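S.K.: Mind looking over this structure? Questions follow.
The values are calculated or read from the model by the stated rules, or taken from the named source; none is laboratory data. Just so we're clear, the structure is a prediction, and the values are computed from it rather than from any experiment. Glycine gets a Cβ as well: all are built from the backbone with ideal geometry, and neighbour counts include every protein chain shown. Please note that ligands, DNA and RNA were not included when accessible areas were found on the heavy atoms of the full protein model with its side chains. Shrake-Rupley method; radii C 1.70, N 1.55, O 1.52, S 1.80 Å.
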Amino acid sequence: MVSLIVATVNRVVEVDRLLTSLDGQTYKEFEVIIVDQNQDERLAPLFARHPGLVIKHLRSHPGLSRARNAGLRAATGDIIAIPDDDCWYPEQLLAQVTGWFTSHPEFGIFNVVKRSAENQPVGPRWPVTARKCTRADVWRCAISSAIFMRRSVCDAVGCFNEDLGVGAASKYQSGEETDYVLRALEHGFQMWYEPSLTVHHPPLDSVDRLRRNAYPFALGAGYVLRVHDYPLHVVAGQVVRSLGGATVSLFRGDLARAHAYLLRGAGQLVGYLSGPRAPKAGEEPLA
């Protein structure tokens, strides 16, 4: 059994597309946990249009991590996924993922790639080859809607940090899934990345989106680097790459994108410097 935890707010057409893709899955042993943060009943007609799906409709207060935690408490599957409400699955995906877990009992987390409808990569600069993921490359190969986890991972790691992620009360509007998989690695679980499998997702590189999200999302990334005790040179490398992107965009005359890259670099550095130091053994966690 697979549990798909879908946090959603302000989207209907996209949720319908996801549910339609789940109707078409060749593997049928799954449940869909819709964690609804809308203030109305806009999603009710969708559920009626997908009677073949096992749908649990939950409500939660705002916050992506809060919604996922509500979904985790309701999940009954042996495999847990956290698809975005605007992604969609190829029809063989759940069959391929469950088959992979059966064949690889030593791994607790399995990551695939986000691609657009045209099969172009979406998001980070994904690694080209399959690999075992480590702390060094988790930023490139573990993105929320493309992550699948054994239930044993979630039982060991526990809840998502509700101070991280879109809609959190804090300024750190990303990084919740990276924090989660890093905690799983710290528990001794192994993670694999497989670029031959796909979760579809709309492109993320529009200038308006970059300018709107660059700084708060980068703050979250920098915060997670600090919480998990990454050395300063790691965040410095990320900041340098952001500045490099700004420079290239500037030479191309794309001032809006250059500005977005600058915001990202500033957010990465500020998030890292303002985040708490990870507590050492025997110390109390910082408030």
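S.K.: Based on what the data block shows, is Asp155 at pLDDT 95 or above, open to solvent by 30 Å² or more (accessible area, probe 1.4 Å) and of a type in the set (D, E, K, R)?
M.R.: yes
S.K.: Take segment 193-225 and flag every residue that is open to solvent by less than 60 Å² (accessible area, probe 1.4 Å) and part of a strand (DSSP E or B).
M.R.: Tyr193, Glu194, Pro195, Leu197, Thr198, Val199, His200, listed by residue number.
S.K.: What about Tyr272, is it modelled with pLDDT of 90 or more, among the hydroxyl-bearing types (Ser, Thr, Tyr), under 30 Å from Ser21 (Cα atoms) and open to solvent by less than 30 Å² (accessible area, probe 1.4 Å)? Outline the logic, then answer.
M.R.: Numbers: modelled with pLDDT of 90 or more: yes; among the hydroxyl-bearing types (Ser, Thr, Tyr): yes; under 30 Å from Ser21 (Cα atoms): no; open to solvent by less than 30 Å² (accessible area, probe 1.4 Å): yes.
Considered against the rule, which asks whether it is modelled with pLDDT of 90 or more, among the hydroxyl-bearing types (Ser, Thr, Tyr), under 30 Å from Ser21 (Cα atoms) and open to solvent by less than 30 Å² (accessible area, probe 1.4 Å), Tyr272 comes out as no.
S.K.: Moving on. Any residue at all in segment 233-256 that's closer than 23 Å to Asp179 by Cα, buried (at least 19 other Cβ atoms within 10 Å of the Cβ) and among the charged types (D, E, K, R)?
M.R.: no
S.K.: Enumerate the pairs (first residue in segment 21-43 and surrounded by 18 or more Cβ atoms within 10 Å (Cβ to Cβ); second residue anywhere and in a loop (DSSP other than H, G, I, E, B) and of a type in the set (D, E, K, R)) with beta-carbon separation below 7 Å, excluding pairs fewer than 6 apart on the same chain, so at least 6 apart or on different chains.
M.R.: Taking only residues 6 or more apart or on different chains, the pairs are Gln25/Glu91.
S.K.: Among the residues of segment 48-75, which ones are open to solvent by 10 Å² or more (accessible area, probe 1.4 Å), outside any loop (DSSP other than H, G, I, E, B) and within 24 Å of Phe148 (Cα to Cα)?
M.R.: Ile55, Lys56, His57, Leu58, Arg59, Leu64, Arg66, Ala70, Leu72, Arg73, Ala74
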